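Contents: one structure, followed by commentary.
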Amino acid sequence: MARHCTVKIFVLLSLFNLSFLVSTNNIEDKAGQFFNSGHTNNWAVLVCTSRFWFNYRHVANTLSVYRSVKRLGIPDSRIVLMLADDMACNHRNPKPATVFSHKNMELNVYGDDVEVDYRGYEVTVENFLRVLTGRLPASTPRSKRLLSDDRSNILIYLTGHGGNGFLKFQDSEEISNVELADAFEQMWQKRRYNELLFIIDTCQGASMYERFYSPNLMALASSQVGEDSLSHQPDLAIGVHLMDRYTFYLLEFLEDIHPSSTTNMNQLFKVCPKSQCVSTPGHRTDLFLRDPGRVLITDFFGSVRKVEITMETINLSSPMEPLPERILSEDRQRETQYYVDQLPVSGIIHQVNTRTHARTRTHARTRTHARTRTRTRTHTHPPPHCSGTRSYYKVHQLRHSADSDLHTSPLSFSLEKFFHLRTFLKSPTLALVLKQQKEPH
Amino acid sequence: MGLLSDPNRRRALIGMLTRLNAPICMICYMAGVAWFMGLAFEPFTLRTYMSENAMGSTMVEERFPAGERALATGREFAAHKKKTGGMPVDWLVRTMQARGLEVYTQRFSRKLPFPDEDKERYMVKGTNVYGILRAPRAPRTEALVLSAPCSPGNENNQAVGLLLGLAQYFRSQIYWAKDIIFLVNEHDLIGMQAWLEGYHHTNTTGMDWSPLQGRGGSIQAALSLELSSDVVTSLDLVLEGLNGQLPNLDLANLFYAFCQKIGVLCTTQGKLPRNDWDTTSGYSHAVQTMMLMVLKQASSRPWGDHGLFLRYHIEAASIKGVNSFRQYKTDATTVGRLLEGMYRKLNNLLERLHQSYFFYLMPSLTRFVSIGYYMPAFGLLALILLLRALDLWVQLSSPPTRTTEDGVEVVPASPGVLSILTPLVISHLTGVALYTLPVLSQELAVEHFPVSETEAVVLTAIAIYTAGLALPHNTHRLLAGEGTEQGWKVLKLVAVLYLAVLLGCTALINFSLGFILALTLVPLAAFITPHVPKTLSAVVMVILSPGLTLLFAVFFFQELQETPVTLQEGWMLYLSVISQGILDHALYGSLLYPLAALLVYPCWLLFWNILFWK
């Protein structure tokens, strides 16, 4: 018996080796994709802004997205869930402790374990903006904070009743599209995100993202300006609509996603065509630097760790350039002075466009360095399939401009270098790479 | 406002208004009447729609299965009612307890001011039984009421049976967010009045009742069920409550929506909605429906047991089962499912019904006219009064100077206060007599004349009313001597403005009453002077007086209900309507009788006074 087992294991192992040998050929390509997205952690802010039993569907919308992101690996500690009402415990719910997304009761999106961070009257415009911008009272527990950094990809999902340019919060106040755009700009300036995916399911949803001006934002909405988003799944037993059309099909789409899916954003844009939604879903990608076709769904909806186990030694031939110690120590002394210019309000108001571009460049530059350096460690030459893509081309261009900056303002450049190094060292991706590099040796 | 502040233009405007006064008044009157008749014309009305978000649609699964069992319970109730010869209190308490309700009773007694011959009651004693179904998972802050009357004879047994059947079914559901109170009230509105006063800790009519032992939350909505047959052909919705109050239109919309969904024929004023508005018969059908509503509303009495809820701002309606000769019958299960659906939707309410209209007229169950559309009809009539007042004011402010034989211009002396005040006071005293004497003097009348108490009250009222015609004219001469030309003009100015304010206020509270009064009193107020032919004018005035308006309204109402009556029957009906009006005032606080006796009648007397001015 034991022998039989050994044989089996042996066969399995040899099979494994075989497949590994096949895959080694393109291992370097994979390593290229490995650093495709510059993020190291994922966050989600999911908000349902309406209360009352007849808005059951909005709670179900939010919970269905919550279910998806949780299933794809974002832990509760990195999800800020805001629900304005508790439908599972509503007196009128004929099926207590459940929230269904489907009228044949297939899917209970309330699940077994829901951690609501902001509930009931806590769901206000003020709290929402404070969560986004991180300006919460010191007493706020960590679970109620968005503790993201400039390596974070954030998913923001909103649903509720809205109109042209606003979203109602609990029938008492509303957030305008300008306020929302400014909040994202603040987040950008406070380096609270790397990339941000904004999804809104409300009437005239497209009006909510039309004022965005901060970089690295991708936005989706369930309907165009002048259109109503419609509900779906009327359920006679529960007596309300269970979900809104857009989120219903979004959930259907997300249910097929698993952590290793290579589905990209272009497929997400095709969710719920007008024939299903009745409204016309919209999206906006002009602020986003990468090609949506190269952005994985799991870059936002999941928390996919960049881990690939390889037995192969990857030759990262050019080691990281050590920064001159002298500059580093100098920078450390001047570090506090840099943050004085953190929120130049007049700059936002008067030179929105120029600033936006400038910032985009700076940030891109930041990442460029991190990435190119990683690349140079990974490959001696940039892989050809990468250099052809738009994003890589952009990166190169920006890099040149960054180099030209070197001569004009050496101080800012060195500071930037310092920050790159810091983020670089902090980034778990790098740590893992380093670790992997060590292990085979 | 330049038009009025510029003296020349103002003079021109006023000149035009006074010169063209009579034609403008005629046009206004005709336009007002035409506008009102246009309200029943379908293109001018709006289709009813549900405004309340929380109720939304009829998206509910009605699963009430036990119509037959409910009817059996109804028969059991009938048997016990017959055995006890009244409300079978013990049986009801036991039955409700068996269905898992918290059951309480309330005793009440009431002595009527005079015997009610229609319903044969004088000293009323009774018991209300109600059971509360507590919302299983919600705080006890809100409640809904379903009531059925325990009527004498074989009436409404099925209603009680269905109520108990629904109680049993509702008890097994877990989605109730409001307490549901199942109430069986005795002596129809008197029991309802006692229960509502007990529930709200008020006592407006000096009634005796025992305090309620158990209460639910604040009542959000109530339905009163009247069902006297095992199957029905249609359900009639009754909305008109005390003093012409109506429930929020959404309640009617909800009822209609479920009728549509479940496929039950539904009517209001006993009339089905029709689609052929472009034909004469279709239009006259709509006019009839609307006129019935106007007349019922103007009567200021509750037209179902729901009528008293409205006083407490509880949206309520009565649903009456009608069993006519139509082929298509609806069984009790279906009626139960309709009620289940309605309660399920009312259960979803988050606030009181307030999104839709409170002031409306319904030319059919599917169409409504809101206050914004019907008020201009009244406004056009009221405008006549203001124009007449303006005319009189202009005449008074520039008195025509008479040149005497000596060539000395004599400005007629302005009339003394007394000459105006005297007719005002005397006509109002007549009104007070009309209001108080009939009830106070009933014993005296019964002693001296061979009549019953009820007849005594009604006939005294008519006698005082008629006596008023003889009494007050020329009263001003008692104190002020000869009446002057200026005198009657001032009196008429006062009377016209008085009438305008009176009708305006009435129409705001009860449009139908205000409009009917305006229709009769405004032309009379417009043309009466001492110089018109006396006899003819007197006849016209009597015909247009409030008392005869009521008589015509009784005949007209019977005609509209397609139960025409002979003169004799009509007269008997008229007497009973008067006695009911006085009783409604004494029992429930209906305002029509005091309004007519203390304000409208004296106002009419003022014009009568002007006609006979000397």
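The values are calculated or read from the model by the stated rules, or taken from the named source; none is laboratory data. All values reported here derive from a predicted model rather than from experimental measurement. Glycine gets a Cβ as well: all are built from the backbone with ideal geometry, and neighbour counts include every protein chain shown.
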Filtered residue count, segment B:247-270, keeping only those that are β-branched (Val, Ile, Thr), over 17 Å from B:MET293 (Cα atoms) and either within 26 Å of the chain's Cα centre (by Cα) or modelled with pLDDT of 95 or more (or both): 0
Going by the structure shown, is B:MET50 within 14 Å of chain A (Cβ to nearest Cβ) and touching a Ser or Thr at 6+ places or on another chain (Cβ under 8 Å)? yes
Would you confirm whether any residue within segment B:83-102 is touching a Pro at 6+ places or on another chain (Cβ under 6 Å) and either farther than 21 Å from B:THR205 by Cα or not in a strand (DSSP E or B) (or both)? no
Out of (1) within 20 Å of B:SER318 (Cβ to Cβ); (2) within 14 Å of another protein chain (Cβ to nearest Cβ), the one B:ALA221 does not meet is (2)
Which condition number in (1) assigned to a helix (DSSP H, G or I); (2) surrounded by fewer than 22 Cβ atoms within 10 Å (Cβ to Cβ); (3) touching a residue at least 24 places away in the same chain (Cβ under 8 Å); (4) out of contact with any Phe, Trp or Tyr (no Cβ under 6 Å at 6 or more places or on another chain) is the one that B:GLU559 fails? (3)
Is one or more of the residues making up segment B:179-186 within 14 Å of chain A (Cβ to nearest Cβ), surrounded by 16 or more Cβ atoms within 10 Å (Cβ to Cβ) and over 31 Å from the mean Cα position of the chain (by Cα)? no
Quickly run through segment A:69-85 and pick out the residues that are away from chain B (no Cβ under 12 Å), part of a loop (DSSP other than H, G, I, E, B) and under 16 Å from A:ARG119 (Cβ atoms). A:ALA84
B:GLN580: within 24 Å of B:GLN288 (Cβ to Cβ), polar (S, T, N, Q), part of a helix (DSSP H, G or I) and in contact with an Asp or Glu (Cβ under 7 Å, 6 or more places away or on another chain), yes or no? yes
Selection from segment A:279-290 of residues more than 22 Å from A:LEU63 (Cβ to Cβ) and at pLDDT 90 or above yields A:THR280, A:GLY282, A:HIS283, A:ARG284, A:THR285, A:ASP286, A:LEU287, A:PHE288
Any residue that is surrounded by 15 or more Cβ atoms within 10 Å (Cβ to Cβ), closer than 16 Å to A:VAL240 by Cβ and within 14 Å of another protein chain (Cβ to nearest Cβ) - is there at least one of those in segment A:96-112? yes
Checking A:GLU115 against (1) under 30 Å from B:LYS178 (Cα atoms); (2) surrounded by 15 or more Cβ atoms within 10 Å (Cβ to Cβ); (3) touching a Leu at 6+ places or on another chain (Cβ under 8 Å); (4) away from chain B (no Cβ under 14 Å), which single condition isn't satisfied? (2)
Is it true that some residue in segment B:333-348 is part of a strand (DSSP E or B) and either more than 14 Å from chain A (Cβ to nearest Cβ) or surrounded by fewer than 24 Cβ atoms within 10 Å (Cβ to Cβ) (or both)? no
Which one of these does A:LEU147 not meet: (1) within 22 Å of the chain's Cα centre (by Cα); (2) more than 16 Å from A:TRP43 (Cα to Cα)? (2)
Return yes when B:PHE36 is more than 14 Å from chain A (Cβ to nearest Cβ), within 30 Å of B:LEU295 (Cβ to Cβ), at pLDDT 90 or above and part of a helix (DSSP H, G or I) and no when it is not. yes
Considering only segment A:239-275, state which residues are of a type in the set (Ser, Thr, Tyr) and within 23 Å of the chain's Cα centre (by Cα). A:TYR246, A:THR247, A:TYR249, A:SER260, A:SER261, A:THR262, A:THR263
Of the listed residues (B:ARG137, B:ARG107), the one being outside any loop (DSSP other than H, G, I, E, B) and touching a residue at least 12 places away in the same chain (Cβ under 8 Å) is B:ARG107
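Each row is one residue, and each column tells you yes or no for (1) more than 17 Å from the chain's Cα centre (by Cα); (2) in contact (Cβ under 8 Å) with a residue 60 or more places away in the chain; (3) surrounded by 21 or more Cβ atoms within 10 Å (Cβ to Cβ); (4) within 24 Å of A:LEU230 (Cα to Cα).
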{"residue": "A:CYS277", "(1), (2), (3), (4)": "yes, no, yes, yes"}
{"residue": "A:THR280", "(1), (2), (3), (4)": "yes, no, no, yes"}
{"residue": "A:THR298", "(1), (2), (3), (4)": "no, yes, yes, no"}
{"residue": "A:VAL304", "(1), (2), (3), (4)": "no, yes, no, no"}
Residues of segment B:100-113 classified as in contact with a strand residue (DSSP E or B) (Cβ under 7 Å, 6 or more places away or on another chain) and surrounded by fewer than 22 Cβ atoms within 10 Å (Cβ to Cβ), total: 8
Six or more apart or on different chains, Cβ atoms under 8 Å: show the pairs whose first residue is in segment A:234-260 and away from chain B (no Cβ under 14 Å) and whose second is among the acidic types (Asp, Glu) and buried (at least 22 other Cβ atoms within 10 Å of the Cβ). A:ASP244/A:ASP201; A:TYR246/A:ASP201; A:THR247/A:ASP201; A:LEU250/A:ASP201
Does segment B:312-324 contain at least one residue that is within 14 Å of another protein chain (Cβ to nearest Cβ) and within 23 Å of B:GLU61 (Cα to Cα)? no
Filter segment B:136-175 down to the residues that are among the basic types (Lys, Arg) and either touching an Asp or Glu at 6+ places or on another chain (Cβ under 8 Å) or crowded, with 20+ Cβ neighbours inside 10 Å (or both) and list them by number. B:ARG140
Out of curiosity, is B:ARG134 within 14 Å of chain A (Cβ to nearest Cβ) and modelled with pLDDT under 90? no
With respect to B:LYS81, is the statement that it is within 14 Å of chain A (Cβ to nearest Cβ) and either under 30 Å from A:ILE238 (Cβ atoms) or surrounded by 16 or more Cβ atoms within 10 Å (Cβ to Cβ) (or both) true? no
Report whether or not B:TYR357 is assigned to a helix (DSSP H, G or I) and either hydroxyl-bearing (Ser, Thr, Tyr) or within 14 Å of another protein chain (Cβ to nearest Cβ) (or both). no
Checking A:VAL80 against (1) surrounded by 24 or more Cβ atoms within 10 Å (Cβ to Cβ); (2) within 17 Å of A:LYS144 (Cα to Cα); (3) out of contact with any strand residue (DSSP E or B) (no Cβ under 6 Å at 6 or more places or on another chain), only one condition comes out false. Which one? (3)
Of the residues A:ALA183, A:ALA138, only one is in contact with a helix residue (DSSP H, G or I) (Cβ under 6 Å, 6 or more places away or on another chain), surrounded by fewer than 22 Cβ atoms within 10 Å (Cβ to Cβ) and not in a strand (DSSP E or B); which? A:ALA183
Failed criterion for B:TYR122 (all others in (1) crowded, with 21+ Cβ neighbours inside 10 Å; (2) touching a Leu at 6+ places or on another chain (Cβ under 6 Å) hold): (1)
Taking segment B:58-75 as the region of interest, how many residues are surrounded by fewer than 19 Cβ atoms within 10 Å (Cβ to Cβ), more than 15 Å from B:THR330 (Cα to Cα) and more than 8 Å from every other protein chain (Cβ to nearest Cβ)? 4
